[in-house]
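Asks: Quick one: the structure is below, and I'll ask about it shortly.
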Amino acid sequence: MGKKLSGKDLIKLGFPKNNSINVTLGQINRYQKRVKKEKILAEAKRVLLNPASYQGDGVWGKIAESLLKPVEVKKHSLKPVRSPFTIYGANEIEEQAKYQLFDALKLPVSVAGALMPDAHAGYGLPIGGVLATKNAVIPYAVGVDIGCRMCLTMYPIAISYLKGKKQQLENILSEHTKFGMYETHKVKHDHPIFERDEFKTIPLVKRLKDKAYKQLGTSGGGNHFVEFGVVTITDTSNEWGLDAGEYLGVLSHSGSRGLGANIAKHYTYLATKQCPLPKHVQQLAWLDLNTHDGQEYWMAMNLAGDYAQACHDNIHFRIGKLLGAKPVVKIENHHNFAWKQEVNGEECIVHRKGATPAGKGELGIIPGSMTAPGYIVRGLGNEESLESASHGAGRLLSRRKCKETLTKSEIKKQLKSHDVTLIGGGVDEAPMAYKDINKVMANQKELVEVLGTFTPKIVRMDK
């Protein structure tokens, strides 16, 4: 018997001469490389004799599925007619973003869609795109940064603190927030998230646990930030019984770090293998939720979303401790995720790639730019938008365009005129790179109502 497991070994065991052999070799090559061949064959024999008892197992579940009910791989074509959709602020949205949504609406699994007023072109589904599908989840319609979210805490601290203690606040952000690929906190904190079953039962996720532990409480690069600023509450009928007025606020924006990025990459690859589509829409390949991989992605995605929340909790805990104050309010929301939601009377999977959930009474934050206010909102539950709203102002200039046309001195001038201090941040995140948030908000009055604003004053981003 050779050292390396082969298809012939599996046929000798009694495996049928079909795709179950490829699936088995693929799973073993990915997850059982260091296990002795004899042990693998003994386990494979047990799976072959009783595949039903292995369903849902991290390594052997997919092999069991290939023996019981193989995933059908067939080339899908697009529907001739788009599913129903609504576009908000159409005049402010580039054509490419609209066409990306139109393509997604022709997928055989599409039920309905919407485009938010901050939309711009992305990969697969446009940023600001919302798509409802039937029993299918599209990893690239969730996005690479799974569970990217906003979190705002408000403190009962006078806003004069922003000027009087400016140096201390700058130091808090410089020394106690971490950004990008390599920065991590010297003192690591534990979190109940690491006790979750997914870290034990899903092989890919298990391998990412150490990375996730190291990156807890850190933020990504790009447009991710942690800011001190002024919260202005304008609606006195707010959920927290707060008086109208100004409060010190901390606002953060980031996602699930390396954990989410690796989950997205892995399951996008599996989706493209299982769901061949015309080349121009291949990034919209989906996983059937009735399959092993579909179920596994759903669990991994939800874990990544909860991990993103844990990161924000950690960021705000560290800052709160340094401020020596307890927050009076905390508001947060995802904007790169998929949810089970009723659409037209049936359960669908609603993907929001750069869109804020805006169900009736649901709270959220829609940021502007470094020099423009963000908005604290309450959802109106508009069904035509699939109960969604924009996730920010949206990009006006691509990152490349920013680097080609903007200068650091222009950005400094803009920041100075708005009395904003920036720590880190590149030219591609200039305030001028973003659309006018006031126009965006005007184009979604039927989606959300405004409870207050957040105006940035000290901003920390990746270098």
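The values are calculated or read from the model by the stated rules, or taken from the named source; none is laboratory data. Just so you know, these numbers come straight off a predicted model, no measurement behind them. Quick reminder, even Gly has a Cβ in these numbers, built from the backbone with ideal geometry, and neighbours come from all protein chains shown.
Asks: Would you call K163 closer than 30 Å to D419 by Cβ and either surrounded by fewer than 19 Cβ atoms within 10 Å (Cβ to Cβ) or in contact (Cβ under 8 Å) with a residue 40 or more places away in the chain (or both)? Let's see the steps before the verdict.
Replies: On the way: closer than 30 Å to D419 by Cβ: yes; either surrounded by fewer than 19 Cβ atoms within 10 Å (Cβ to Cβ) or in contact (Cβ under 8 Å) with a residue 40 or more places away in the chain (or both): yes.
Yes, satisfied.
Asks: Do we find that R46 is surrounded by 12 or more Cβ atoms within 10 Å (Cβ to Cβ) and either part of a helix (DSSP H, G or I) or modelled with pLDDT under 90 (or both) in this structure? If you could, list the steps in order and put the result at the bottom.
Replies: Values: surrounded by 12 or more Cβ atoms within 10 Å (Cβ to Cβ): yes; either part of a helix (DSSP H, G or I) or modelled with pLDDT under 90 (or both): yes.
Considered against the rule, which asks whether it is surrounded by 12 or more Cβ atoms within 10 Å (Cβ to Cβ) and either part of a helix (DSSP H, G or I) or modelled with pLDDT under 90 (or both), R46 comes out as yes.
Asks: From the list L248, L242, exactly one residue is surrounded by fewer than 22 Cβ atoms within 10 Å (Cβ to Cβ), outside any helix (DSSP H, G or I) and not acidic (D, E). Which is it?
Replies: Working: L248 fails: surrounded by fewer than 22 Cβ atoms within 10 Å (Cβ to Cβ).
Residue meeting the stated conditions: L242.
Asks: Quick check on my filter: what residues within region 63-83 are farther than 30 Å from N29 by Cβ and surrounded by 15 or more Cβ atoms within 10 Å (Cβ to Cβ)?
Replies: Step one: filter region 63-83 for residues farther than 30 Å from N29 by Cβ, giving 77-83.
Of everything in region 63-83, those that are farther than 30 Å from N29 by Cβ and surrounded by 15 or more Cβ atoms within 10 Å (Cβ to Cβ) turn out to be L78, R82, S83.
Asks: May I ask you to say which residue of I331, I315, I376, I319 is aliphatic (A, V, I, L, M) and under 30 Å from H266 (Cα atoms)? Quick ask: steps written out before the conclusion?
Replies: On the way: I331 fails: under 30 Å from H266 (Cα atoms); I376 fails: under 30 Å from H266 (Cα atoms); I319 fails: under 30 Å from H266 (Cα atoms).
Every option except I315 fails the conditions.
Asks: Any residue at all in region 333-340 that is touching a residue at least 60 places away in the same chain (Cβ under 8 Å), more than 23 Å from T455 (Cβ to Cβ) and surrounded by fewer than 20 Cβ atoms within 10 Å (Cβ to Cβ)? Even if it seems obvious, please write down each step before you answer.
Replies: To start, the set of residues in region 333-340 that are touching a residue at least 60 places away in the same chain (Cβ under 8 Å) comprises 333-338.
Those still in the list that are more than 23 Å from T455 (Cβ to Cβ) too: 334, 336-338.
Cutting the leftovers down to surrounded by fewer than 20 Cβ atoms within 10 Å (Cβ to Cβ) gives us none.
The answer is no; no qualifying residue exists.
Asks: Just to check your reading of the model, which residue among G89, G122 is small (G, A, S), modelled with pLDDT under 95 and within 21 Å of I366 (Cα to Cα)?
Replies: Numbers: G89 fails: modelled with pLDDT under 95.
Of the residues listed, the single one that is small (G, A, S), modelled with pLDDT under 95 and within 21 Å of I366 (Cα to Cα) is G122.
Asks: Here are some residues: D313, D293, D306. Which one is under 24 Å from S77 (Cα atoms), among the acidic types (D, E), assigned to a helix (DSSP H, G or I) and under 20 Å from the mean Cα position of the chain (by Cα)?
Replies: Details: D313 fails: under 24 Å from S77 (Cα atoms); D306 fails: under 24 Å from S77 (Cα atoms).
None of the others qualify; the one that does is D293.
Asks: A further question follows. Which pairs have Cβ atoms under 7 Å, sit 6 or more apart or on different chains, and link a residue in region 192-217 that is over 24 Å from G56 (Cα atoms) to one that is among the hydroxyl-bearing types (S, T, Y) and surrounded by fewer than 19 Cβ atoms within 10 Å (Cβ to Cβ)?
Replies: K214/T184; Q215/T184
Asks: Of everything in region 423-453, what is under 18 Å from I315 (Cα atoms) and outside any loop (DSSP other than H, G, I, E, B)? Give them in sequence order.
Replies: Of region 423-453, the ones under 18 Å from I315 (Cα atoms) are 423-424.
The one that is under 18 Å from I315 (Cα atoms) and outside any loop (DSSP other than H, G, I, E, B): I423.
Listed here are the residues, each with its yes/no results for (1) closer than 24 Å to E387 by Cα; (2) outside any loop (DSSP other than H, G, I, E, B).
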{"site": "L107", "(1), (2)": "yes, no"}
{"site": "A114", "(1), (2)": "yes, yes"}
{"site": "A119", "(1), (2)": "yes, yes"}
{"site": "M150", "(1), (2)": "yes, yes"}
{"site": "I159", "(1), (2)": "no, no"}
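Asks: A further question on this structure: Can you go through D288, D293, D313 and tell me which one is touching a strand residue (DSSP E or B) at 6+ places or on another chain (Cβ under 9 Å) and under 18 Å from C151 (Cβ atoms)? First the steps, then the outcome.
Replies: Details: D288 fails: under 18 Å from C151 (Cβ atoms); D293 fails: under 18 Å from C151 (Cβ atoms).
Result of the check over D288, D293, D313: D313.
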